[in-house]
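Here's the structure we're looking at; comments come further down.
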Amino acid sequence: MKVHHIGYLVKKLEKAAAEFEKLGYSRMGEVTDDAYRKVDILFLQKDGYVIELVSPNAPDSVVSGLIKTYKNAPYHICYVCGDLDKEIAELSSKGYVQIDLPAPAPAIGGKRVCFLMNRFIGMVELLEQ
Ligand code: NI
């Protein structure tokens, strides 16, 4: 599976984006409000690397708990896969634990994503191509 992006949890999305721009990253599109997960999302790129800034926009956001632990930090790597359901089954048989149901990601053209946890490496995201 190819890497699609690194998910980066941030408390203040615009301030974080400005800092990445100082480092030479450029924005890919506009900020997207993911109403399902209650997060704002912005993709930036540099040298072929893609970073996804994720910031909670409601108290009951899916990352409201995580941000207390991680603060401003990378917290998942997203991998592109073919058949999402097949890949989830494959990784589940190898010790990964599915933590949400496959759902469309408005910030990635509505393609389906799913998150899994691994006890040794933390969170992994799968993106169906
Ligand atoms: Ni992501």
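The values are calculated or read from the model by the stated rules, or taken from the named source; none is laboratory data. This one's a predicted model, so the numbers in the text were calculated from it and none came from an experiment. FYI the Cβ positions are ideal-geometry reconstructions off the backbone, even for glycines, and counts take in every protein chain you see. For the accessible areas, the whole protein counts, side chains as well, though only heavy atoms, and no ligand, DNA or RNA atoms are used. Shrake-Rupley method; radii C 1.70, N 1.55, O 1.52, S 1.80 Å.
Of the residues V113, V3, V50, the single one that is open to solvent by 70 Å² or more (accessible area, probe 1.4 Å) and within 13 Å of the ligand (Cβ to nearest atom) is V3. Taken over region 66-81, the criterion of being away from the ligand (no atom under 12 Å from the Cβ) and open to solvent by 50 Å² or more (accessible area, probe 1.4 Å) is satisfied by K68, T69, Y70, K71, N72. Residue selection: P104 fails the criterion of being closer than 29 Å to A17 by Cα, within 12 Å of the ligand (Cβ to nearest atom) and surrounded by fewer than 17 Cβ atoms within 10 Å (Cβ to Cβ). Of all residues in region 48-97 being farther than 30 Å from G24 by Cα and among the acidic types (D, E), which is farthest from the chain's Cα centre (by Cα)? Ranking the qualifying residues of region 48-97, first place goes to E90.
For region 116-129, the set of residues classified as of a type in the set (D, E, K, R) and either within 16 Å of the ligand (Cβ to nearest atom) or not in a loop (DSSP other than H, G, I, E, B) (or both) consists of E125, E128, listed by residue number. State yes or no: is K94 open to solvent by 80 Å² or more (accessible area, probe 1.4 Å) and part of a helix (DSSP H, G or I)? So K94 fails the test. Within region 11-39, can you find the residues that are within 13 Å of the ligand (Cβ to nearest atom), buried (at least 20 other Cβ atoms within 10 Å of the Cβ) and either more than 11 Å from A107 (Cβ to Cβ) or not hydrophobic (A, V, I, L, M, F, W, C) (or both)? Within region 11-39, just R37 meets the criteria.
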